[in-house]
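Novice: Dumping the structure here so I can ask a few things about it.
Just so you know, all these numbers are worked out from the coordinates, no wet-lab data involved. Everything numeric in this text was worked out from a predicted model, so none of it was measured. For neighbour counting, all protein chains shown are included, and Cβ atoms are generated from backbone atoms with ideal geometry for every residue, glycine included.
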Amino acid sequence: MTPRPPVVLTFSGLDPTGGAGIQADITSQSLVNSHCCPVITSYTTQDTHNVYAVQPISGNIIEESARCLVRDIRPQAIKIGLLGSVDATRVVATLIRDIRIDCPNLPVIFDPVLAAGGGTNLSSDQLLDEIREQLLPLCTLITPNTYEACRLANIDNNPQAAAEQLTTQSLSVLLTGTHDTSTERVHNRLFSHASETEWHWPRLDGEFHGSGCTLASLIAGLMAHGMPLAEAVEQAQSRTMDCLAASYPIGQGQRIPQRL
Ligand code: PLP
């Protein structure tokens with residue numbers, strides 16, 4: 001009999017280009033032999049240039065779908081991407097608290113999607129407050145880019161200070177450097193309460209749709225197998241680079257990572 005792959009309960013938005021959001025999560029997690037259980041938090045209108053609208057799914061629907069799943073299926077990790085509303089954030093936080101009663105060490109990986117690659121703001125101040133107060137204390141790892149780290153920490157133009165402020169005994173921060181074009185190479189740093197680790201990756205030509213989702217979902221998929229956080233972060237970066245190096249265009253904007 002085929003062994004059961006570990007399950008990643010995944011809260012994410014639907015991106016109809018298939019580059020980011022839930023499709024990125026499903027394909028990235030499959031790449032590392034994990035099974036994605038997708039719960040959609042929002043429906044987006046976008047092309048390969050930008051996001052134009054986000055239509056949140058009601059908190060009741062998110063809660064019903066997720067509670068139905070976890071009555072039957074025990075996840076080995078949780079991955080969160082675009083939340084899209086205060087309601088969704090509250091529901092996801094409550095669910096994690098409930099699941100953790102039986103599984104206190106369940107890894108929770110959150111890619112805080114606060115803005116689209118094309119620049120559209122995807123989070124209100126109220127949503128940010130909810131994320132800070134309800135969700136961050138429950139996360140194992142967050143994967144903000146430099147802009148997202150500064151917004152989450154409420155610190156202007158100092159991503160290092162922002163990441164340090166966000167890091168706690170239980171929360172690690174992978175600060176990604178793709179958006180910081182002042183450096184020749186992409187500088188990613190993992191902050192945990194005990195250490196700081198850094199990587200430098202070649203800066204590839206072009207822009208990519210769903211690179212952050214790919215990275216965070218690969219980490220979640222690997223941690224669902226029981227891989228330690230630092231090792232999963234290292235492997236996931238390397239596999240994301242492979243997906244980006246083999247990316248393909250489907251429109252006139254950002255390229256789609258090759259994850260299949
Ligand atoms: N999730 C959804 C649903 C999106 O539409 C987007 C794109 O803007 C993202 C996540 C983030 O994509 P990226 O990984 O390119 O930051």
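Novice: For every helix of n ≥ 4 consecutive DSSP H residues, a contribution of -39,500 (n - 2.57) applies; sum these over the chain, divide by its total residues, and give [θ] at 222 nm rounded to the nearest 500 deg cm²/dmol.
Specialist: Working: 8 runs with 95 residues, N = 260.
Taken over the chain, the calculation gives -11500 deg cm²/dmol.
Novice: Compute the signed sum of charges (Lys and Arg +1, Asp and Glu -1) over the other residues within less than 12 Å, Cβ to Cβ, of VAL91.
Specialist: On the way: positive: ARG67, ARG90, ARG97; negative: GLU63, GLU64, ASP87, ASP98, GLU130.
The answer is -2.
Novice: So, one more: From the square roots a ≥ b ≥ c of the eigenvalues of the alpha-carbon gyration tensor of region 7-245, which class results: rounded (a/c under 1.5), prolate (a/b over b/c), or oblate? Mind showing how you got there, number by number?
Specialist: Numbers: a/c = 1.29, a/b = 1.20, b/c = 1.08.
The shape class here is rounded.
Novice: For region 2-26 and region 146-218, write down the distance between their C-alpha centroids in whole Å.
Specialist: Cα centroid of region 2-26 versus Cα centroid of region 146-218: 22 Å apart.
Novice: If we sort 241-247, 75-81, 146-152 on the protection proxy, mean other Cβ atoms within 10 Å, highest first, what's the order?
Specialist: On the way: 241-247: 17.4, 75-81: 27.3, 146-152: 21.4.
The most tightly packed comes first, giving 75-81, 146-152, 241-247.
Novice: Continuing with this model, one more query. Between beta-carbons, use under 14 Å as the cut-off and find the net charge around LYS79, counting Lys and Arg +1, Asp and Glu -1.
Specialist: Values: positive: none; negative: ASP25, ASP111.
Net local charge, LYS79 excluded: -2.
Novice: With a sphere of radius 11 Å drawn around the Cβ of CYS243, what net charge do the other residues whose Cβ falls strictly inside it have (Lys, Arg +1; Asp, Glu -1)? Write down the numbers at each step before the final one.
Specialist: Working: positive: ARG239, ARG255, ARG259; negative: ASP242.
In short, +2.
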